[in-house]
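Asks: This is the structure I have questions about; it appears just below.
Values quoted throughout were computed directly from the atomic coordinates according to the rules given, and no laboratory measurement underlies them. It should be emphasised that the depicted structure is a prediction, and the values quoted were computed from it without experimental measurement. Here Cβ is always computed from backbone atoms with ideal geometry, including for glycine, and neighbour counts include all displayed protein chains.
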Amino acid sequence: MPYVNVPVPEEHVVQVMSLVIRLINRASIEEWNEAAMAEFFRDADEPSRSLLSIVARGVLTGKELTDQQAADFIQLSGRETLGILRELNDAAKDANRPTPLIVVPVTEELPNGRVREKRAITMSPPIAQMVRAAELEELGAEPSPLESGIG
């Protein structure tokens with residue numbers, strides 16, 4: 001690969017170098033596949049799996065899921081839920097994969113006509129399908145707690 005010299009004013013050298021490094025890092029990211037997502041899901045703790053599952057189900061059914069709704073579903077506080085989201089995305093980055101969860105701002109019109117900003121948690125539909133497949137695989141691998149043979 002040939003190198004190209006590009007003149008950059010001295011005051012912008014650090015900015016240009018950080019941009020080049022970001023572009024190199026972005027180009028080296030591997031897309032998710034079924035096996036990678038199954039391993040990622042399997043290695044996650046139970047609250048993380050719950051968050052991935054609930055967001056994937058929302059995406060696949062076309063329902064918007066706010067951060068507060070996600071927190072209520074997994075029975076944690078909003079702060080804990082966003083912490084789990086951050087940990088999952090950091091783990092994906094460490095695995096050189098795209099972040100699976102995305103927080104997007106949404107507006108809601110209140111009955112009094114005012115508009116309120118909320119945050120929704122989402123993921124791309126292909127990732128949602130992979131998460132759902134990993135969840136089903138995990139459920140099939142574990143024995144049912146009702147069939148434990150106790151008693």
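Asks: How large is the dipole of the chain about the Cα centre if only Lys and Arg carry +1 and Asp and Glu carry -1, each at its Cβ, rounded to the nearest 20 debye?
Replies: On the way: 15 positive and 24 negative charges, 108 e Å.
For this selection, approximately 520 debye.
Asks: Select from the chain the helices, each a whole stretch of DSSP H, whose alpha-carbon atoms run 18 Å or more along the helix axis and whose Kyte-Doolittle mean is at least 1.0; answer none if there are none. It would help to have the intermediate numbers written out before the result.
Replies: Values: long enough: 13-27 (21 Å, 1.35); 46-61 (22 Å, 0.53); 78-94 (24 Å, -0.73); 125-141 (24 Å, 0.19).
Helices passing the filter in the chain: 13-27.
Asks: For the chain, evaluate the Debye formula with one uniform point scatterer on each Cα (no solvent term) and list log10 I(q)/I(0) at q = 0.10 Å⁻¹, rounded to two decimals.
Replies: -0.51
Asks: I've got another one for you. If we count every other residue with Cβ under 15 angstrom of Glu108's Cβ, Lys/Arg +1 and Asp/Glu -1, where does the sum land? It would help to have the intermediate numbers written out before the result.
Replies: Values: positive: Lys63, Arg114, Arg116, Lys118, Arg119; negative: Glu64, Asp67, Glu109, Glu117.
Charge balance near Glu108 sits at +1.
Asks: Using R₀ = 22 Å, calculate the FRET efficiency as 1/(1 + (r/R₀)^6) where r is the Cβ-Cβ separation of Leu19 and Val103; round to 0.05. Provide the component values of the computation, followed by the final result.
Replies: Numbers: r = 24 Å, r/R0 = 1.10.
Efficiency, rounded to the nearest 0.05: 0.35.
Asks: Based on the alpha carbon coordinates of the range 19-106, what radius of gyration and maximum Cα-Cα distance (Dmax) apply, in Å?
Replies: For the range 19-106, the Cα-based Rg and Dmax read 13.9, 42 Å.
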